[in-house]
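Where a number appears in this text, it was derived from the coordinates with a stated rule and is not lab data. This structure is a prediction, so every number in the text was calculated from the model and none was measured. Cβ atoms come from the backbone with ideal geometry, glycine included; neighbour counts cover every protein chain shown.
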Amino acid sequence: MGAAVLEALFHQSPAGLLVLDTELRILRVHAALPVLHEAPPEQIMGRHFTDVYDLSAPGEVEAMLHSVLESGAPARGRLVGVRPKDAPEPEYLFSISASRLEDSAGRISGVLAEVLDVTECEKVRARLRVFDSVREHVGRTLDVVATCEELVQAVVPDFADIAVVEVVEAVVRGEDPPPSPLEREVPLRRAAFGHSGGKEQIQPHPVGDVRALPFATPYAQTLADLKPRLVALGPDTPWLAADPPRAEAIRASGARSLITTPLTLRGTVLGLMSLYRTYQAGLYDKDDVTLALALAAHTALCIDNARRYTREHTIALTVQRHLLPPGTAAHSTIETAHMHVPPEAGGGGGFLTFSLPGARTALAVGEVVGQGILAATTMGQLRTAIRCLAALDLEPDELLARLNDTAVSLAQERVTLPTGDPLPPTGSCVYAVYDPLAQTCTIARAGHPPPVIAHPDGRIEIPHLPSGPPLGSAEGPPFAPTTVTVADGSVLAFYTASLLHASPSGAPGSPDTLQRVLAQAERPLQDLCDDVLYRLPSDTCHGDVILLLARTHAFSADQVATWHLDHHPKDVATARTHTQHQLTLWGVDEETAYTTEIIVSELVTNAIRYGTPPVQLQLIKDRTLTCEVHDSSSLAPRLRHAKTIDEGGRGLFIIAQLAQNWGVRYSPDGKTVWAEQTLPPSTTPCPQQRS
């Protein structure tokens, strides 16, 4: 019975069987697997199994069999590559299990090895591993070139010995991919290249090279009809003559099998994936082409996502760049410099510096929460609102209150956006007005960090400013202004919260880096900005990092003239006399002087007729000539368009026609009506240039 069972097993078992003696010499071979008996039995019987079969790991298999002989414990499912001796290909993958053979007396007679051909199963598993690796690693970044590099790293060496990814140049820039079929002259960028082994591979073109593909090649034809190509490579492959540099690289690498696969999505062409196998690996087959198509489909989707991100990033940065001022404006009483590090996706940070009547200067820094186009455009709307509100000459707290109303209105408008659109972000802002005549700076903030002030005596101060609610808040405490004294030569530093987050050291929310830099505030402002920039971590990505520095200068006393007037109509003539005399001292031209006398007459007349004493006239000669008349009444003047038969009501209308700008500024002790006129360049003081 035992002999019959043994014979049936050897002749009918689907698995290959080997009987080895205790020296691992072959005693009997089952013929189920052709690779195990290509040689005649008489040539392999009695020979050591490693002399008959070329194993990928002969030492490990031999150690396993000796262990089975010594311990008696069977071994199961050891994977090993096998090919007959002197056979160049192909290599089979076998699963080897071994059991010790003993006779009835317990004497060890050898080993029974069961061999299963798992070549196809392992190929399927290997393809699945490659596919899983590509799905896991490709698409981690939103960068087109980085995505291509991730693909190359995922397929080499497990699926390809050499991999090349080429992308349409327009796609790298974020533009829409061209439709198929791809025109011959469309350039492609070699985005990624990878190879296995330590030997350097010849590249026909370096990574980053941009060129169109030769027409009479599988590469161009794959992009023409969007169909993959399985190509056998040899020294006499005819199409290689159309691309000599690539032909030289292929011959030098020993590549003998090629798959070209289009990177396509929704009928558009994004690029091309080329996979090569050399003499050290097996040839590609149709199943490998199927896998290559799956890899290309996933990669194309990831590349398109990166392309869309690049496009939005470019648009956001462009919008933000156009919304930001090209440079800080020059002022006669303040010099400024700035530093701006936008995030990768474009952010919602911004800053403003502009002149106000009375030689004053407004400074504003703000930030909208979020990134991308929405944040950039929202900040653009808020910047426009700040300029419009500043034209009304509002106090900083009132300006922020109205700016907050604007932000709330924007939020309400965007409630009607389709589902899935991002909600309007909140924001923060600090707004300051520097008055060189009083040498003060009035500041109000809305959810924004306070400025840092470096005084000329070396003191670094962070003023205690009440913090109002962030912009866009429907409720919250009112905004409160704070006026601080700033001596001539003080440096004010306004910044976004992102600068605090990017600080390499110090407590969160503490501008310690900025304070250390401002300890040497006498240096040029741009040098101070650069110093702060150099101290930022290289991976700064917390939003818009903005720093605005302003060095104050007192206004020259001989450029200001002030008179206190009696509340009597006769003082209108007195005001004109004072004005005429002062303008003569300043060397103002006759036409401007005559116009100024008319403006002064109308302003003083209105103050005496409708205002409350005391009345004060002030002339300020800066880049413009400003006439200011102050009285204690808070009654707002109103410009009227008087009729022909009216005897009065033309004062403000005349002022509006003669002056470049005019307006009203309110304060706790009354109001100031002002009018500005331009001065010829020869009579204006030189502005402070940015250091």
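Given contacts defined as C-alpha pairs under 8 Å and at least six residues apart, what's the relative contact order of the chain, whole-number percent?
Details: 1412 pairs, mean separation 57.3, N = 691.
For the chain, the relative contact order is 8 percent.
When ranked by the protection proxy of mean other Cβ atoms within 10 Å per residue, highest first, what sequence do the peptides 99-110, 608-619 form?
Numbers: 99-110: 12.2, 608-619: 18.0.
Per-residue mean Cβ counts within 10 Å order the peptides as 608-619, 99-110.
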Q: Could you work out the local net charge near A98, counting Lys and Arg as +1, Asp and Glu as -1, over the other residues with Cβ closer than 14 Å to its Cβ?
A: -3
**Q.** Neighbour-count order for E475, E120, fewest beta carbons within 10 angstrom listed first
**A.** E475, E120
Q) How would you classify region 123-313 from its alpha-carbon gyration tensor, with a ≥ b ≥ c the square roots of the eigenvalues: rounded for a/c under 1.5, else prolate if a/b is greater than b/c, otherwise oblate? A) oblate
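Report, in deg cm²/dmol and to the nearest 500, the calculated mean residue ellipticity at 222 nm for the chain, where each DSSP H run with n ≥ 4 adds -39500 (n - 2.57) and the sum is divided by the residue count.
Working: 18 runs with 227 residues, N = 691.
It lands at -10500 deg cm²/dmol.
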Q: Pop the C-beta distance of F354 and K570 into the FRET formula with R0 = 35 Å and round what comes out to the nearest 0.05.
A: 0.35
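Relative to the Cα centre, what is the charge dipole magnitude of the chain, using +1 at the beta carbon of each Lys and Arg, -1 at the beta carbon of each Asp and Glu, and rounding to the nearest 20 debye?
Details: 56 positive and 80 negative charges, 183 e Å.
The calculated dipole for the chain is roughly 880 debye.
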Q: Give me the number: length gained by fully extending R125 to A212, i.e. 0.36 nm times residue separation minus the C-alpha to C-alpha distance, one decimal in nm.
A: 27.6 nm
(Q) Taking amide H atoms as placed 1.01 Å from N in the peptide plane, list the residues 5 or more away in sequence, or in a different chain, whose amide H sits under 5 Å from that of T333. (A) Q688
Q: Label the chain by shape, choosing from rounded, prolate and oblate, from the square roots a ≥ b ≥ c of the eigenvalues of the Cα gyration tensor; if a/c is under 1.5 it is rounded, and otherwise prolate applies when a/b is larger than b/c, oblate when it is not.
A: prolate
Q. Once you sort the root eigenvalues of the Cα gyration tensor of region 330-552 as a ≥ b ≥ c, which label holds: rounded (a/c under 1.5), prolate (a/b larger than b/c) or oblate (the other case)?
A. oblate
Q) When the dipole is taken about the Cα centre of region 123-313, and only Lys, Arg (+1) and Asp, Glu (-1) are charged at their Cβ, what size is it in debye, to the nearest 20? A) 340 debye
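Order of Y53, Y92, Y666, Y431 from fewest to most other C-beta atoms within 10 Å?
Details: Y53 23, Y92 19, Y666 15, Y431 29.
Fewest-to-most ranking of Y53, Y92, Y666, Y431: Y666, Y92, Y53, Y431.
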(Q) Sort M379, M339, M45 by Cβ crowding within 10 Å, fewest neighbours at the top. (A) M45, M339, M379
